[in-house]
Every structure is written in structure tokens, then in C-alpha cells.
Amino acid sequence: MRCPECARQTAKVRRMPAAGSAGDVPRVSVTLIVLCVIAFLASGSFGATGAHGALFDDGALFGPAVEAGDYYRLVTAGFLHAGLLHIAFNMYLLYLLGKELEPEIGSARFLALYLSSLLAGSFGALLFEPAALTVGASGAVYGLMGAAAAILYSRGINPLQTSIGSLIIFNLVLSFVIPNVSVGGHIGGLVGGAIAGFAFSRGERRGEQWLGWAACVGVAAASVAGAIAVSGGSGLGI
């Protein structure tokens, strides 16, 4: 029951766009995809698998080269791919995850999450196989999956009962089944992304926005230090 004065008043309603809706363009995700495609074309990797050129060799992750001072490889390797199938699969997952996650946490946080996961993936790849030539955005993509799962968990949702949990399990199984796949890179990115994603979600709930940023910086710094430390080692042999 309302009085006549109240009945004549109209409530102002503001609608929030749904994550991943048509109005939310994942600008950072699209930019990252464009950069990977440009690097792919510039490297001369036009075949389905395998073929590559000088840019590939100079930018790929390789333990002895990192030990010699080519630290930039920790980043550039994440933008190179070994063939059409490799980049197509990674970019497809990047777009699917980006269009949901980037509007949810914001473009700046998404970029910080992506880069810290990329570095965590590089660390994992060198930790497992420092002498292998490794490329691909899969470490960062796994980081996005880990972050999504961590955000769900922090909200009281079991990620294993959602599509993201199935996606993680499916891709982890493929990592061990398909040959010439960097298992360490995938696991490293997954763990790094989960840490950063959980920190962002927890910081948002507590009103401590710095927590997620600090986690990204910490993951990135620890990954770089760890990668340099293990770049000249024998690895775990997996």
C-alpha cells in the first residue's frame, strides 16, 4: 500500500550490462589476439604446425638463452606460436575467456592478470624443461582459467561443478596426452592466474583494491626470479 503522493513518483532504474554481452567489447583481449596474430605472421609460421623463422628462434623461450641474458624471452615467447593449429586453439580460448572475464574484472586488471600468468607460465616451462624451445600463449590462457575458477571459489561456488572446471580438466588431460606440449607452462600459468584471481576477488569483497594488484606484482616478480634461477638447470624432466 502506498500513499497517493508516493504512487505518483517513478523509481529510476539503472541496468548494468551483463558480462560478455554485446555492449562489452573485450578490448584488451582483442588487442592481445591481434598482437599474437601479427607475431605469428611475422615469424613465417604459415604451416599447420612446425614451420618458423628467425623471429621465432630469437623470441622463443629457451633456458640457455635466458641464462645468457635474454630475459625478454620470458614475455615474447607468449606471443609466438608453432603453427596455425597452435595459434588458432589458443586465440579461440583467449577470446572465449576474455569476453567473460575482462568485463567482470575490468580491462586494466585483466591485462595485469594476463601478463603475470604469462610470466608464471614461462617459469613453469623452464622449471620442467629448461632446454626445450617453448612458445605459445597457453600459459597465460591457463592463467585466465585459473583466475576464473578462483573467483568462483571465493564466491562460494565450486568451480568443478561449472563449465570452467570442466574446461580446466579437459585441457590438463590434453596437456599430458598430446606430445610436445609444455606441461610446466600450463601448470605454472594456471597456478599464477589462480593466485592473482583469488586476490582480486578477495580484495574486491574487502574493499582492498590493492590486494589483487599486489598479487599480480608478486606472481610476476617471483616468476621472473624463478625463471632466471632455473634457466640453466636440468629441469624436472617431465
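For the range 131-222, just the Cα set please: Rg and Dmax, both in angstrom.
When restricted to the Cα atoms of the range 131-222, Rg and Dmax are 14.0, 45 Å.
Can you work out D for the range 26-230 in µm² s⁻¹ from Stokes-Einstein, where Rh is the Kirkwood radius over C-alpha pairs, the temperature is 10 °C and the viscosity is 1.306 mPa s? Intermediate values should be presented prior to the final figure.
Details: Rh = 16.7 Å.
It diffuses with D of about 95 µm²/s by this estimate.
Sort the following peptides by mean Cβ neighbour count (other Cβ atoms within 10 Å, averaged over residues), highest first: 29-41, 150-162, 194-206.
The peptides rank, most packed first, as 194-206, 29-41, 150-162.
For Thr162 and Ala88, what is the calculated FRET efficiency with R₀ set at 25 Å and r taken between the beta-carbons, to the nearest 0.05?
According to the calculation, E is roughly 0.50.
Find out how many positive minus negative residues lie around Ala196, taking Lys and Arg as positive, Asp and Glu as negative, among other residues whose Cβ is under 12 Å from that of Ala196.
Once all neighbours under 12 Å are counted, the net charge is +2.
Note down the nm distance, to one decimal, between modelled labels 7 Å out along Cα→Cβ at Ala54 and at Leu41.
About 2.0 nm separates the two model spin labels.
Need one number for the range 56-170: average projected area of the convex hull over its C-alpha atoms, nm². Kindly include the intermediate steps, with their values, before the conclusion.
Numbers: hull surface 30.2 nm².
It is 7.6 nm².
In the range 26-230, if the dipole is taken from +1 on Lys/Arg beta carbons and -1 on Asp/Glu beta carbons about the Cα centre, which of Leu55, Leu94, Gly136 is farthest to the positive end?
Looking along the dipole axis, the top candidate is Leu94.
How are the alpha carbon pair distances in the range 118-175 distributed across 5 Å bins from zero to the largest one, expressed in percent?
Answer for the range 118-175: a P(r) of 4, 18, 24, 21, 16, 11, 5, 2, 0 percent.
Taken together, the values in this text are just the output of simple stated rules run on the coordinates, not laboratory data. Quantities reported herein were computed from a predicted structural model and do not represent experimental measurements. In this analysis, Cβ positions are derived from the backbone assuming ideal geometry, glycine residues included, and neighbour counts consider all displayed protein chains.
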